[in-house]
Amino acid sequence: MNQIDISPSLQDYLETILNLSNEYETVRVTDLAQEMNVAKSSVHQAVTQLKKTGLVEQEPYGPLILTKEGENIATKVLEKHHLLVKFFTEVLDVDYDTAQKDACLIEHSISPVTVEKLINFLEHYIQEN
């Protein structure tokens, strides 16, 4: 994924920060912990790693802000997630909750080649149906 290789767990943090920042004016560690259902100490560890890689900025006790690169990575993960949910629900007729869970499991490990082919398939599938 881009030049920065980060773990699926950190990708989840970026994706969640992006989702929260689209919903609220500021994103704080407490918001992230609550949304991800993890301890604040886990969020602090993840944020420290994300700051070291230049994907998140945060002043002491301040809100979490995605850098341009962090936002790019989070957006790509989110797009993959939405694409997988769409494929599972519309093509495979999987219920939405199961599709969401499965998309979370797959979105970090699916290759860009497969994503591109899935996009092409969905575009043709939607046109035909």
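Yes or no, residue by residue, for (1) within 17 Å of the chain's Cα centre (by Cα); (2) farther than 30 Å from residue 128 by Cα:
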{"residue": "52", "(1), (2)": "no, yes"}
{"residue": "63", "(1), (2)": "no, yes"}
{"residue": "68", "(1), (2)": "yes, yes"}
{"residue": "86", "(1), (2)": "yes, no"}
{"residue": "107", "(1), (2)": "yes, no"}
Which residue pairs have Cβ atoms under 7 Å apart, sit 6 or more places apart or on different chains, and have a first residue in the range 29-58 that is more than 20 Å from residue 4 (Cα to Cα) and a second that is among the basic types (Lys, Arg) and in a helix (DSSP H, G or I)? 29/40; 30/40; 33/40
Evaluate the range 105-123: report whether one residue or more is outside any helix (DSSP H, G or I), surrounded by fewer than 17 Cβ atoms within 10 Å (Cβ to Cβ) and modelled with pLDDT of 90 or more. no
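The values are calculated or read from the model by the stated rules, or taken from the named source; none is laboratory data. Quantities reported herein were computed from a predicted structural model and do not represent experimental measurements. All Cβ positions, even for glycine, are placed from backbone atoms using ideal geometry, and neighbour counts span all protein chains on display.
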